[in-house]
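The values are calculated or read from the model by the stated rules, or taken from the named source; none is laboratory data. Quick caveat, the model's predicted, so the values are computed rather than measured. Glycine also receives a Cβ, built like all others from the backbone with ideal geometry; neighbour counts cover every protein chain displayed. Side chains are part of the model used for accessible areas, which takes the heavy atoms of the whole protein and leaves out ligands, DNA and RNA. Shrake-Rupley method; radii C 1.70, N 1.55, O 1.52, S 1.80 Å.
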Amino acid sequence: MSLPLKNIVFPMILLKVAEWFLYKLLANSCYKAAMKVKNSRIFFKNSSFRSSHQIPLYPNISKCNNIRKSETVICDIQSTLLRSESFFPYFMLIAFEGGSILRALFLLLSSPLLFVLDFEAKLRVMVFISFCGMKIKDVECVGRAVLPKFYLENLNVGVYEVMKSAGERMVFTSVPRVMVESFLKEYLSVDCVKGTELHCFGNYFSGFVSSSGILIKHRALMEVVSEKKPDIGIGNSSLHDHLFISLCKEAYVVNKEDEKAQSILPREKYPKPLVFHDGRLAFLPTPLATLAMFMWLPIGIPLSIFRILIGICLPYKVAVLLGKLSGIRLRVKGTDPPRSENDKGVLYVCTHRTLLDPVFLSTSLGKPLTAVTYSLSKMSEILAPIKTVRLTRSRQKDGEAMQRLLSEGDLVVCPEGTTCREPYLLRFSSLFAELADEIVPVAMNTNVSMFYGTTASGLKCLDPIFFLMNPRPCYNVEILGKLPKELTCAGGKSSHEVANYIQRQLGAALGFECTNLTRRDKYLMLAGNEGVVEDQNSRINTPN
């Protein structure tokens, strides 16, 4: 009596999957074992004989000199233009920043499996976990606003210098094009980027590569350049890269032991200043670093809530003591200058690093302050231990409101209008300079190791929680001297002159560069909008 077909199909599928997995596992294990035996010294008792007979097929990239502007350079981004060999951290950034913490956890749990798979299978698994069901615009946002920071910090200096000197730059890579194209074109001015294309349905990624499959570099190069050979090819020591760069007139390989390959490109030599970037993670999420983060979360979340509660419920001195015991570092430099005899309050002008700037300033001074903001979530307003007042971005109305608040007491304002993480100061709004003669500049900066306490595209109500989830978050507060009267509007200076002077003064104190960039520039770059939303009362508010 024959069994029904439906009772046979599922066991056959399981058998096929098990057969494929066993094949991949055994094939990779045997290959790795063979390579270890090949590279070991067991067959070469005389090490000098071995080294003298091993002649590299291509010279090191350090030998590549005198690049002309008319020449074309091709390379890969993985293990060539970037120093790291593994692309796992960048897939993790896609999964965490563009997806969710659960997606990131799933990708982390898959890392032992990835270790035994070959390159193509590994890439397909990471693509599926990181991209399945993701919105195309969310991935593009991560590629534009999050990944460039980590790419720049991981650039191979030797390869970058060769690329920079060439007239035409082309990159061929097996990783998804959507992950690298924005960085390569915007920051490195690469003319042509070819990478693995992903399958989409509607506005979402399916998690699979397109019908063309994983990009094979030497085939893609032949399709693009046809019979015309590129001038210079740069690759690593793998067989696939040797096939790739052999199609060029000159070929060079990256030696991981080269001094330039190990060095980090200084910020001042970046091809384009990195002023803005988004995302929550402040570290490169390698498997071990990501595991450490997930192990910290069960401690970090309650600790963050505890730190918020002591700031709300306890007096300043007790809150500072318990905050230090919990790991918060508050470094204060300078003293609060004496008040004048007029009835108006002092206007504290701060650099803007997180939403907690006024709170930490109030704690540093040991007195209550009022903070003005252009937009604040309801949760942040409720949890704020100091008084907060919303502004409307109507110059007249905001000026009147700030004048009234100054008549009631001391006021804190952040004239940049939005936060900036990097060592730059955005353009200062000049409104504050028209309102007070008692102006005290305050240079504020933060240091974090795990999470950023700001976001342009995420939930801003979680900003304080993320900042306080860091194991040892640090706030540096430097209170500068009161602005001399002759440098204020009362002394004959225009409001723009006062604002620009204070910006330069704060920039010098922090070692930051002053810019003319604004909140609008930040949100256009990071979130693809102007940072303007309409509330229920049809009033225009701007995210802080």
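Answer yes if at least one residue in the range 188-202 is buried (at least 16 other Cβ atoms within 10 Å of the Cβ) and among the aromatic types (Phe, Trp, Tyr), and no otherwise.
No, every residue in the range 188-202 fails to be buried (at least 16 other Cβ atoms within 10 Å of the Cβ) and among the aromatic types (Phe, Trp, Tyr).
Could you tell me how many of the residues in the range 312-333 are in a helix (DSSP H, G or I) and open to solvent by 30 Å² or more (accessible area, probe 1.4 Å)?
Residues in the range 312-333 being in a helix (DSSP H, G or I) and open to solvent by 30 Å² or more (accessible area, probe 1.4 Å): 10 in total.
Any residue in the range 329-343 that is without any contact (Cβ under 8 Å) to a residue 12 or more places away in the chain sitting within a Cβ distance under 9 Å of a residue that is surrounded by 12 or more Cβ atoms within 10 Å (Cβ to Cβ)? List the pairs, counting only those 6 or more apart or interchain.
Pairs found: 338/482.
Looking at 102, 107, which is the one that is without any contact (Cβ under 8 Å) to a residue 24 or more places away in the chain, open to solvent by less than 10 Å² (accessible area, probe 1.4 Å), more than 26 Å from residue 190 (Cα to Cα) and not basic (Lys, Arg)?
Exactly one residue qualifies, and that residue is 107.
If residue 213 meets every condition in (1) in contact with a helix residue (DSSP H, G or I) (Cβ under 9 Å, 6 or more places away or on another chain); (2) under 21 Å from residue 181 (Cα atoms); (3) touching a residue at least 24 places away in the same chain (Cβ under 8 Å) apart from one, which number is that one?
The single condition residue 213 does not satisfy is (3).
Quick check, is residue 378 surrounded by fewer than 17 Cβ atoms within 10 Å (Cβ to Cβ), of a type in the set (D, E, K, R) and in contact with a helix residue (DSSP H, G or I) (Cβ under 9 Å, 6 or more places away or on another chain)?
When the stated conditions are applied, residue 378 passes them.
Within the range 298-305, is there a residue that is open to solvent by less than 30 Å² (accessible area, probe 1.4 Å), under 27 Å from the mean Cα position of the chain (by Cα) and not charged (D, E, K, R)?
yes
Out of the residues in the range 220-248 that are in contact with a strand residue (DSSP E or B) (Cβ under 7 Å, 6 or more places away or on another chain) and loosely packed, with under 15 Cβ neighbours inside 10 Å, state the one that is nearest to residue 166 (Cα to Cα).
224
Go through 378, 397 for me and flag whichever is under 28 Å from residue 484 (Cα atoms) and at pLDDT below 90.
397
Can you pull out every residue in the range 381-433 that is part of a loop (DSSP other than H, G, I, E, B) and out of contact with any helix residue (DSSP H, G or I) (no Cβ under 8 Å at 6 or more places or on another chain)?
Across the range 381-433, the qualifying residues are 393, 394, 409, 410, 419, 421, 422.
Restricting attention to the range 495-523, and to residues there that are open to solvent by less than 20 Å² (accessible area, probe 1.4 Å) and of a type in the set (A, V, I, L, M, F, W, C), which single residue is nearest to the chain's Cα centre (by Cα)?
Among those that are open to solvent by less than 20 Å² (accessible area, probe 1.4 Å) and of a type in the set (A, V, I, L, M, F, W, C), it is 506.
Tell me whether the range 361-371 contains one or more residues that are surrounded by fewer than 17 Cβ atoms within 10 Å (Cβ to Cβ), assigned to a helix (DSSP H, G or I) and among the aliphatic types (A, V, I, L, M).
Taking every residue of the range 361-371 in turn, none turns out to be surrounded by fewer than 17 Cβ atoms within 10 Å (Cβ to Cβ), assigned to a helix (DSSP H, G or I) and among the aliphatic types (A, V, I, L, M).
Looking at the range 404-428, which of its residues are in contact with a Cys (Cβ under 7 Å, 6 or more places away or on another chain) and surrounded by fewer than 20 Cβ atoms within 10 Å (Cβ to Cβ)?
Result: no residue meets the conditions.
Would you call residue 215 open to solvent by 20 Å² or more (accessible area, probe 1.4 Å) and of a type outside the set (Asp, Glu)?
So residue 215 passes the test.
Take residue 401 and decide whether it is touching a Leu at 6+ places or on another chain (Cβ under 8 Å) and surrounded by fewer than 20 Cβ atoms within 10 Å (Cβ to Cβ).
yes
Go over the candidates 443, 436 one by one and state the one that is assigned to a loop (DSSP other than H, G, I, E, B), among the hydrophobic types (A, V, I, L, M, F, W, C), in contact (Cβ under 8 Å) with a residue 24 or more places away in the chain and buried (at least 19 other Cβ atoms within 10 Å of the Cβ).
Just a single option satisfies the conditions, and that option is 436.
Say we look at the range 457-472 and pick out the residues that are in contact with a helix residue (DSSP H, G or I) (Cβ under 6 Å, 6 or more places away or on another chain) and open to solvent by less than 20 Å² (accessible area, probe 1.4 Å); which of these is farthest from residue 483 (Cα to Cα)?
Out of the qualifying residues, it is 469.
Residue under question is residue 205, and the condition is that it be at negative phi, in contact with a His (Cβ under 6 Å, 6 or more places away or on another chain), buried (at least 19 other Cβ atoms within 10 Å of the Cβ) and in contact (Cβ under 8 Å) with a residue 40 or more places away in the chain; does it hold?
no
How many residues, within the range 163-180, are surrounded by 18 or more Cβ atoms within 10 Å (Cβ to Cβ) and more than 16 Å from the chain's Cα centre (by Cα)?
12
Which one of 392, 388, 446 is over 21 Å from residue 311 (Cα atoms) and among the hydroxyl-bearing types (Ser, Thr, Tyr)?
On inspection, the qualifying residue turns out to be 392.
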